[in-house]
Amino acid sequence: MLSGVLLAGMALPAVGALGLTAKNTAEGFSNIPDDFKTPPLSQATQIFDAKGGLIAKVYERDRTVLAADQMSPYMRQAQVDIEDARFYEHGAVDLKGVLRAISKNAESGTTSQGASTLTQQYVKNVNVEKAGDDQAAVLEAQRKTLGRKIQELKVAIKLEEDLTKDQILTNYLNITFYGHQAYGVEAAAQRYFSKNNKDLTIAEAATLAGVVQNPSQYDPVRFPENTVKRRNVVLDKMLENKHITADQAKEAKAAPLGLKFKDPQNGCITAQAGMGFFCDYVRHVVKQDPVFGKNAADRKKFWDQGGLNIYTTLDPDKQAAAQNAVTSKVKVTDPVSAAATMMEPGTGKILGMAQTRPYGLDPNKNQTVVNLNVDAAMGGGNGFQTGSTFKPVLAAAALESGMSPTQPFPSENKIEYPTMSTCSGTWKNTAKGKERSVGNESASEVGPYELKQAMALSVNTYFVQMEQKVGLCAMKQMANKLGISQTSKGDPFVEVPSMVLGTLELSPLTMANVYATFAARGKYCTPVAINKITTVDGKDIKVPQTTCSQAYSQDTADALNAVLLNVTEKGTGASLQLEGGRQIAGKTGTTDEKKAAWFSGYTPQLATAVWLGGPAGGVKMKNMKIGETYYGADGVFGATGPGPIWQMAMNQALRGAPMETLPTINIPDPAPKPDPNATAPASPPATGDPNAGGNPPPPANTGGGNPGGTNAGGLIGGGITLPPGIIGGGNGNGNGGGHR
């Protein structure tokens, strides 16, 4: 019977160690993978904000690897006493244990007694760990076959030659599973007792040591009575082996279980202050940026391995400002949502990323894991049409090409899209019906206009005529320099005239970075979310660096600042002034049928883009209440919906920051257009008249708008009468843009 059992694998490797096995078996002892000596244990990764605050803890397996001197000596001794009391006396195979197990099993007629040493158990755990989340590989590693048992024993024998007993025990205590997603003794101590392992009492150490044999049966949370009984068995073993005194055993047995259980806190869903979406963005960066691995599989392995401290660019104060604004002005239960991204000009750093709906998996609570601030490839949606917030991109291209900021265009109230040059040829208007033409928001918007006034009023026909003069290729090339090379969905950039009206579907992150470039005098920097990464043992990991380039000249930048400053001083964004008269520049945007509205703006220190609309698109923001504000038949505009969100966020984010001004150039206002209601001057007097040479009486309404009009006295940039509904609005031409 004994020979039969030995040949079944319980003692065969031990015999093999004496040189009695086949040649190929002996050769397998010559070397073992380094993974068994120093296993690459997956650990928890911690993600921090820019001030060192913890955003979230993420892991495939919750584990913190400890050195031997960081562990409780009671923990080490208790685990040995209950699992393998002769661990320090035998080799990789305990022949006495094998014989004892054979005897006991023969007497009982069962296989209740095992003979695996702690080293053998460690080898098995390494194989399971290496299998990762591949369930088939995990099952294979756990299969109780003769071949697998022999292989494990071979590795165990070699390990005992290469590592000390203390090293093997330390590795075992770091790898083994203690239930409730706790791997290793440190995670177990934190999970059940909310303390470091080195601070465990004798009773607490015995409790954890007892769990290992069957984490389900001895679950301290679900089955505390079983746990106490098992703990006391461990204490008896410790006493039997003279590792504690009788008094210590008695005191420990009398102690209550004393759990201070903490539920596993894993993943971005645990992030506070609305930081879950940014946390998820960081995860996508690690899994996609080549700096973290040559291919997707390598990068996934790097992330899953964990054990990282990731220090991000997220400013907690600015994040709080953005989060407060998007949740104060828009309710979670509203049919629409808001999203806001904040960036630091000239660095590419993402400082804030917030949205109304919380990060989570329960749609009944209006939760979502779709990050509305970013592109689809980074965990976001398909983006949103940007409306007139895209017009400054064309303005930058025009100014950079040498066009004067006082360049006038006829800007008729409505025009057909003219033929335009593209990068590869010519675009011709073959559309029919309303798609063939573009019009201005108000019937009173009739040119000619110059750039400063056209941007302030968001005159669609002006920018289409500018587009024709500059060419679609120049605008596309400028967009590329500003980081726009495709839509949020990943579709290619198509050269069509309507794109100046904001028909491309882009993300708030993309638009925030465009306006950060405006603020940085044309210096474009690729977005970055990570400042630094270290491993738990203090080793620095290479992280993605921003790449900066000059998208256009500083002369162009200063002219564009002047144009966009006029928008916030005298144009569609004039209602969005910040505290203390802080200087701002920006642009409103509203898309066709009010399905999306934007305000993107900046100071020298901070650029923010805010979007408002239906998370899945298609919500017409008219005749509805959003937050505490009701929007009637005219609906939401860039300055009335997202504008106040931007204003609240920027005021809070910049409170206490120095007042800085934007570098600009002086762009003279055009001469006032003649007022058709003005009184004609009197005929010149005859020669010799005593009044000869005198000035005629001034025309009526000098300095003001049409008497009795809806915007009487409203002049923008010199003589341009405010049309009805100056703030916001789409043109309704079916082109998805044109939009204030």
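The values are calculated or read from the model by the stated rules, or taken from the named source; none is laboratory data. Predicted, not measured: the structure shown is a model, and the values here were computed from it. Every residue, glycine among them, receives a Cβ derived from its backbone with ideal geometry; neighbour counts consider all protein chains shown. Side chains included, ligands, DNA and RNA excluded: accessible areas come from the protein's heavy atoms. Shrake-Rupley method; radii C 1.70, N 1.55, O 1.52, S 1.80 Å.
For this structure, a couple of remarks:
- By average C-beta atoms within 10 angstrom, highest first, the peptides 581-592, 474-485: 581-592, 474-485
- For the stretch 574-627, radius of gyration divided by Kirkwood radius, i.e. Rg to Rh on alpha-carbons: 1.05
- At 0.890 mPa s and 25 °C, Stokes diffusion of the stretch 338-406 via Kirkwood alpha-carbon radius, µm² per second: 165
- Charge dipole (debye, nearest 20) of the stretch 180-294; +1 at Cβ of Lys and Arg, -1 at Cβ of Asp and Glu: 100
- Near Pro264, once Lys and Arg are set to +1 and Asp and Glu to -1 for all other residues with Cβ below 10 Å from its Cβ, the sum equals +1.
- Against the rule of thumb 2.2 N^0.38 Å, how large the Cα Rg of the stretch 299-354 comes out: 1.50
- Formal net charge of residues neighbouring Pro290 (Cβ-Cβ distance under 15 Å; K, R +1; D, E -1): +4
- Derived value for the stretch 271-396: Kirkwood hydrodynamic radius 16.1 Å. Basis is the mean of 1/r over every pair of different alpha-carbon atoms.
- Oblate is the label for the stretch 425-525, because a/c, from the alpha-carbon gyration tensor with a ≥ b ≥ c as root eigenvalues, is 1.5 or above and a/b does not exceed b/c.
- In this structure the stretch 416-487 gives 40 Å² per residue of accessible area when probed at 1.4 Å with all protein chains present.
- Considering only Met275, Leu308, Ala203, the residue lying farthest towards the positive end of the dipole of the stretch 152-311 is Met275, judged by Cα position with unit charges set on Cβ.
- Ranked by the mean number of other Cβ atoms within 10 Å of their residues, highest first, the peptides 264-272, 628-636, 387-395, 309-317 fall in the order 387-395, 309-317, 264-272, 628-636.
- Across the cross-link table entries Lys329/Lys434; Lys287/Lys523; Lys452/Lys532; Lys124/Lys300, which are compared at the Cα atoms, the separations over 32 Å belong to Lys329/Lys434; Lys452/Lys532.
- The packing ranking of peptides 405-417, 321-333, highest mean first, is 321-333, 405-417, where packing means the average number of other beta carbon atoms within 10 angstrom of each residue.
- Given Lys130/Lys195; Lys331/Lys620; Lys428/Lys476, the pairs whose alpha carbons are separated by over 19 Å: Lys130/Lys195
- Accessible area expressed per residue, the stretch 550-616, with surrounding protein chains retained (probe 1.4 Å, Å²): 23
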